[in-house]
Amino acid sequence: MNMLARVRPDLAGFQPYASARRSGLVGTIRLNANESPWSGDGCPTGFNRYPDPQPLALRSDLAALYGVAEDRLWTGRGSDEAIDLLLRGFCRAGRDNVVGLAPSFGMYRIGAQLQGAEYRTLALRAEADFALDPDRLLALADADTKLVILCSPNNPTGELHHDAIGHLAQALAGRALLVVDEAYIEFAGIPSTTALLDRYENLVVLRTLSKAHALAGARIGSLIAHADVARFIGSIAAPYPLPLPCVAAAVAALEPVALERTHARIATLVAERGQLADALARLPRVRRVWPSAANFVLARFDNGPAALERALAAGIVLRDVSAQPGLDDCLRITVGSPYENEALLEALA
Ligand SMILES: *Cc1c(COP(=O)(O)O)cnc(C)c1O
């Protein structure tokens, strides 16, 4: 069954805003978008015009980067926007639900709440290293489940759940989208779930330039899915999600030379991750450091708030994740530069 059948029924046949750029009309004199005929003082040329809704160069660079056909990809303001649009496009407020993991990335719950969708979670146990039993996750899904969100590597815990994807996608076929958030996949050293897109119509993969590609400030994320789903998400998105300077920064970051440097930096961070985890584990006040496939590590301290304070006294900010179920006294620590990691270890020693 085509997954568009699971879109909110009141959005069936939704007519997107017919923006001037969407019309596709070309001419040398453009009087169809109420733009200024002049560039602003000190602005690069072209900034007086609305940007392309899906800039051709960026789209083809991203499709090449992720190894997918362009019609499977929609790019917007970070994967956060993709998560929001999936929730808004598929979930009926007050009726539908979304299934995810706990602990996991906080934006799923926020997005679901904003849309009035119930957010159901399967608790992963720290004692079991956050292992996932996919059948227990499936048991949370019912006829009103529209999305099952799997964050892998998971934030803030760092473990991979890719082994479960085939089984979950199969079991949810025709019923719900399986959304795999791969914000940190570049640090995991395993292939992306995009390789399975041909097999499962209900698979959605989220990728971002925010983490490994060092572009958190540009807000460029991608939703990769069946072409119908990608097109539908594009149709409900804001008409011009991508500002010109952000697109230019992203295109520059995807040049071959820049990509080589990105790969070298990923390798550095992966090596640093191992060293940081080992060194943290040797500290007397650290109870546990979990293995991580991402660019952060989760550590449990004897006294989480005290460790947070010690780091802060040295000017180092860590993420307190102790409010998440089962993560008492746990801090999430981003792997920084060698200098930054050294400074942290000194502060905590
Ligand atoms: C950081 C993060 C994102 C957000 O990515 P943007 O593309 O910057 O919006 C998405 N998912 C997870 C799990 C993250 O940790």
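What residue, among those in region 201-245 that are of a type in the set (Ser, Thr, Tyr) and within 10 Å of the ligand (Cβ to nearest atom), is surrounded by the most Cβ atoms within 10 Å (Cβ to Cβ)?
That would be 222.
Scan region 325-345 and tell me whether some residue there is at pLDDT 95 or above, closer than 21 Å to residue 129 by Cα and loosely packed, with under 12 Cβ neighbours inside 10 Å.
The answer is no, given that none of the residues of region 325-345 is at pLDDT 95 or above, closer than 21 Å to residue 129 by Cα and loosely packed, with under 12 Cβ neighbours inside 10 Å.
Test residue 308 against the stated conditions and say whether it is assigned to a helix (DSSP H, G or I), over 30 Å from residue 10 (Cα atoms), touching a strand residue (DSSP E or B) at 6+ places or on another chain (Cβ under 6 Å) and free of Cβ contacts under 8 Å to residues at least 60 places away in the same chain.
Here the answer is yes, as residue 308 does meet what is asked.
Could you grab the pairs with beta carbons closer than 7 Å, sequence gap of 6+ or different chains, first residue in region 114-133 and assigned by TED's automatic domain parsing to the domain that holds residue 147, second one modelled with pLDDT of 95 or more and of a type in the set (Ser, Thr, Tyr)?
119/108; 130/157
Given (1) over 19 Å from residue 182 (Cα atoms); (2) without any contact (Cβ under 8 Å) to a residue 12 or more places away in the chain, where does residue 47 come up short, assuming only one miss?
Only one criterion is unmet by residue 47, namely (2).
To keep it simple, each residue is scored yes or no on (1) at pLDDT 95 or above; (2) assigned by TED's automatic domain parsing to the domain that holds residue 128; (3) away from the ligand (no atom under 13 Å from the Cβ); (4) buried (at least 22 other Cβ atoms within 10 Å of the Cβ).
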| site | (1), (2), (3), (4) |
| --- | --- |
| 157 | yes, yes, no, yes |
| 167 | yes, yes, yes, no |
| 171 | yes, yes, yes, no |
| 176 | yes, yes, yes, yes |
| 189 | yes, yes, yes, no |
| 192 | yes, yes, yes, no |
| 199 | yes, yes, yes, no |
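Would you mind telling me which numbered condition in (1) touching a helix residue (DSSP H, G or I) at 6+ places or on another chain (Cβ under 6 Å); (2) away from the ligand (no atom under 16 Å from the Cβ) residue 66 fails?
(2)
Whether any residue in region 284-292 is among the polar types (S, T, N, Q), under 25 Å from residue 270 (Cβ atoms), not assigned by TED's automatic domain parsing to the domain that holds residue 186 and not in a strand (DSSP E or B) is what I want to check.
Yes, region 284-292 contains at least one residue that is among the polar types (S, T, N, Q), under 25 Å from residue 270 (Cβ atoms), not assigned by TED's automatic domain parsing to the domain that holds residue 186 and not in a strand (DSSP E or B).
The values are calculated or read from the model by the stated rules, or taken from the named source; none is laboratory data. For clarity, every value in this text was computed on a predicted model and none was experimentally measured. Cβ: placed from backbone, ideal geometry, glycine included. Neighbour counts: every protein chain shown.
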